[in-house]
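Presented below is the structure to which this report refers.
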Amino acid sequence: MTFAPTRLPVLDEAGRELLFTEARTANAFAPTPVTDDELREIWSLAQWPPTAANTQPLRLLWVRTPEGKERLAPHMSEGNRAKTAAAPATAVLAVDREFYEHIPAIFPSRPEMRDHFAGDAAVADKTAALSGALQAGYVILAIRALGLAAGPMAGFDADGIDHEFFPDGRFHALLVVNVGHPAEDAFFPRNPRLEHDIALRWA
């Protein structure tokens, strides 16, 4: 009997443009509000792609109020402060250093992995960093999928944000992402991407 492989759906050209080929980082945002429901829907999409052993270490802090932005602004690099203040919403993407406490619920076939990570801080930190970075990419794609613009930024004082928003030391800031509808001058010209003969190897 011949095995017939499952044919998965293919994303159409419009979807590829929305998520990849035409999508760019937004550097300015319109004053159009972003609702709490829209922000929740971002996570409703971003939670599904894979992480190591389904550990899901990423946590999102939505900074939306003027008070919250005032607390965040001093920890952003000078070039990122104005656009962060103007964005309707800003996500602080952080990893939970004790993500393993949830393993019995989210990886019920291997609950003993909780003790494995709890007993080896170096392995836990490495897993949180890798899977948290993967999830950060998923969040950016989810933002784009919902017709919003994402402005991810690495220019910030992570220790300062941790001290301000996560004083118990459990969470560690990984990435800051402005979210909203793009302003008229939101996008810089696209920079080149590496050619296939540089980026690809075959074995």
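The values are calculated or read from the model by the stated rules, or taken from the named source; none is laboratory data. Fair warning: this is a prediction, and the values are worked out from it, not measured in the lab. Every residue, glycine among them, receives a Cβ derived from its backbone with ideal geometry; neighbour counts consider all protein chains shown. Quick note on the areas: whole protein, heavy atoms, side chains included, nothing else; ligands and nucleic acids left out. Shrake-Rupley method; radii C 1.70, N 1.55, O 1.52, S 1.80 Å.
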Subset of the stretch 130-173 [assigned to a helix (DSSP H, G or I), small (Gly, Ala, Ser) and either farther than 15 Å from Trp43 by Cα or out of contact with any Asp or Glu (no Cβ under 9 Å at 6 or more places or on another chain) (or both)]: Ser131, Ala133, Ala136, Gly137, Ala145, Ala158, Gly160
Set Ser109, Ser131: member being among the polar types (S, T, N, Q) and more than 29 Å from Leu11 (Cβ to Cβ): Ser109
Are there any pairs, at least 6 apart or on different chains, whose C-beta atoms fall under 6 Å, with the first in the stretch 144-157 and under 16 Å from Trp62 (Cβ atoms) and the second open to solvent by 40 Å² or more (accessible area, probe 1.4 Å) and of a type in the set (Val, Ile, Thr), and if so, which? Gly151/Thr25
If the requirement is being open to solvent by 80 Å² or more (accessible area, probe 1.4 Å) and closer than 18 Å to Asn27 by Cβ, which of these qualifies: Arg81, Arg64? Arg81
Going through (1) open to solvent by 50 Å² or more (accessible area, probe 1.4 Å); (2) in a helix (DSSP H, G or I); (3) under 18 Å from Gly68 (Cα atoms); (4) not β-branched (Val, Ile, Thr) one by one, Asp115 fails only at (3)
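Here is a list: Arg71, Arg110. Which entry is surrounded by fewer than 16 Cβ atoms within 10 Å (Cβ to Cβ), part of a loop (DSSP other than H, G, I, E, B) and either in contact with a strand residue (DSSP E or B) (Cβ under 8 Å, 6 or more places away or on another chain) or basic (Lys, Arg) (or both)?
Residue meeting the stated conditions: Arg110.
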Look through Trp62, Trp43, Trp48 and report the one residue that is aromatic (Phe, Trp, Tyr), outside any loop (DSSP other than H, G, I, E, B) and under 30 Å from Ser109 (Cβ atoms). Trp43
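With the structure loaded, tell me whether Arg193 is closer than 16 Å to Thr25 by Cβ and open to solvent by 60 Å² or more (accessible area, probe 1.4 Å) or whether it fails that test.
Working: closer than 16 Å to Thr25 by Cβ: yes; open to solvent by 60 Å² or more (accessible area, probe 1.4 Å): yes.
Judged against the criteria, Arg193 is a match.
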Can you give me the number of residues within the stretch 7-39 that are open to solvent by 50 Å² or more (accessible area, probe 1.4 Å) and either under 19 Å from Val139 (Cα atoms) or part of a loop (DSSP other than H, G, I, E, B) (or both)? 21
